[in-house]
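The values are calculated or read from the model by the stated rules, or taken from the named source; none is laboratory data. Nothing here was measured: the structure is a model prediction, and the numbers come from that model. All Cβ positions, even for glycine, are placed from backbone atoms using ideal geometry, and neighbour counts span all protein chains on display. Accessible surface is based on the protein model in full, side chains and every heavy atom, while ligands, DNA and RNA are left aside. Shrake-Rupley method; radii C 1.70, N 1.55, O 1.52, S 1.80 Å.
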Amino acid sequence: MTGDPKDWRLPTRLVRAGLTRSQHHETSEAIFFNSGYVFDNAAQAEAAFKGENDVYIYSRYGNPTVSMFEERLAALEGAEMCRGTATGMAAVFAALACLLKQGDRVVASRALFGSCHYIVDKVLPRWGVTTRFVDGTDLDEWREALATPANAVFLESPSNPMLDLVDVAAVSELAHGAGARVVIDNVFSTPLYQRPLELGADIVVYSATKHIDGQGRALGGAVLSTKAWMSEHFIPFYRNTGPSMSPFNAWVMLKGLETLELRVERQSANALALARYLEAHKGIEFVRYPGLPSFPQHALALRQMSGFGNLVTFVIKGGKKAAFAFADALEMVDISNNIGDTKSLICHPATTTHSRIGAEERAKLGIYDGVLRISVGLEHPDDLAADIGGALDRAEAG
Ligand SMILES: *Cc1c(COP(=O)(O)O)cnc(C)c1O
């Protein structure tokens, strides 16, 4: 292949970017399952530790299989640099922790993944970082919060589980005016459908566990940003605190990236079909899917996303009792909190992923007892509609 991988078209990047073959000329990427590396002589080891030659030193710092994953994801994201992490949460935590110190201030959207909320609300304040939550959908709240200088802005868009959107370009501008760097958790939109760095965000984090693997196999994460920021802030923290990705998991994620577009496009088409089906069903109070014209932020979704993803959230009539009866009546869709899988999965956020945040916070976020979130998989949409329609009927009859 010739040229810069960043200039290749998306499908080419997904299967080819970052590929480096060993002396054995293997077709698929090799798994370098080793923790350490040897040097030809002591002087070479000395030079490596001074950073004078570009060699691997120890797999906590870097590993050839992990590097292939990092280069492929960087090429996909259009980022200068990427580092793989053990989990999505390791990515979120390292990105924030390397950025902040005692006395700093963080402004975050309230609608965050449960563990992200815990980091901002519980861990950072323990270290003397001031945190302020805002309604991420309300630009006036962001404007007011960012009238005071800040060091980091953290947000998720679309959010889990209500799929609220944050206007990434507008908030990035406000954040920069306040002196803050913008860290965005881009999991729900996937790297395919939202390009945060182009919208003005500074640092993008992923849980690769979700759509990048997308087949329920391995945990992983990633942090992406400019070479300058990564070199100065992230890499020293990463090398010395050890959230590194396993080479085996990096290989699983490399294989996942190869089919990412095929899977997510089909899943998103299935999700739109399901959202329309649910919207027309009498047992449903309302449906939230950014691709539906009825979605309150549909215009923003069209502006900042090129696709709407595989998550559909809806409110069933009859609260928790109806939600449980419906979930239990499903014969094909599985009850699980994971997302992005090839298999469709359903979750009742109020009693699982968002049970810890408490009823008051759930009410602020609109996570009512009748809310259900479906991560739509690759089953045929008619089979999905039959399973879901049958379960709605049985739940109602029961
Ligand atoms: C799953 C998820 C995470 C955490 O990722 P893990 O790989 O489970 O650690 C963070 N943010 C969002 C939006 C997620 O869906």
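What the table shows:
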read-out: Protection-proxy order for peptides 287-299, 81-93, each taking the mean of Cβ atoms within 10 Å per residue, highest first; value: 81-93, 287-299
read-out: Gaussian network model of the chain, Cα within-10 Å springs - most flexible of 384, 99, 302; value: 302
read-out: P(r) histogram, all alpha-carbon pairs of the stretch 262-397 included - 10 Å bins from 0, percent; value: 13, 44, 36, 7, 0
read-out: Computed lengthening from residue 52 to residue 101, 0.36 nm per intervening residue step minus Cα-Cα distance; value: 14.6 nm
read-out: Listed residue pairs exceeding 31 Å between alpha carbons, taken from 321/364; 210/320; 50/255; 122/282; 282/343; value: 50/255; 122/282
read-out: Residue 369 - accessible surface, heavy atoms, 1.4 Å probe, Å² rounded to 10; value: 80
read-out: ³J(HN,Hα) computed for each position of the stretch 291-304 - Karplus, 6.51 cos²θ - 1.76 cosθ + 1.60, integer Hz, glycine/proline x; value: x, 8, x, 6, 5, x, 10, 4, 5, 5, 4, 5, 6, 10
read-out: Whole-number D in µm²/s for the chain (Stokes-Einstein; Kirkwood sum over Cα pairs; 20 °C, 1.002 mPa s); value: 98
read-out: Rounded tilt (10° steps) of 168-177 against the dominant C-alpha axis of the chain; value: 60
read-out: Simple label model, 7 Å out from Cα along Cβ direction - residue 173 to residue 386, nm; value: 5.1
read-out: Accessible surface of the chain [probe 1.4 Å, protein heavy atoms]: carbon and sulfur percent; value: 52
read-out: Residue 209 accessible area, 1.4 Å probe, all protein chains in place, Å² to nearest 10; value: 20
read-out: Highest-fluctuation residue, 208, 363, 94 considered, GNM on the chain with Cα pairs under 10 Å; value: 363
read-out: Potential extension, residue 231-residue 361 segment - 0.36 nm per residue separation minus Cα distance; value: 43.1 nm
read-out: Lys, Arg +1 and Asp, Glu -1 on Cβ, resulting dipole of the chain about Cα centre, debye, nearest 20; value: 480
read-out: Alpha carbon centroid spacing (whole Å) that separates the stretch 333-367 from the stretch 147-192; value: 21
read-out: Cross-link partners of residue 227 among lysines (Cα-Cα below 18 Å; sequence separation of 8 or more within a chain); value: 6
read-out: Gaussian network model of the chain, Cα within-10 Å springs - most flexible of 337, 186, 160; value: 337
read-out: Three-way shape label, the stretch 181-278, alpha-carbon gyration tensor, a/c 1.5; value: oblate
read-out: Relative contact order (%) - criterion: Cα under 8 Å, at least six apart; region: the stretch 242-309; value: 27
read-out: Listed residues 12, 190 arranged by accessible area, highest first, probe 1.4 Å; value: 12, 190
read-out: Sum of -39500 (n - 2.57) over DSSP H runs of 4+, divided by residues of the chain (222 nm, nearest 500); value: -11000 deg cm²/dmol
read-out: Percent RCO, i.e. relative contact order, over the stretch 5-258, from Cα pairs under 8 Å lying at least 6 residues apart; value: 24
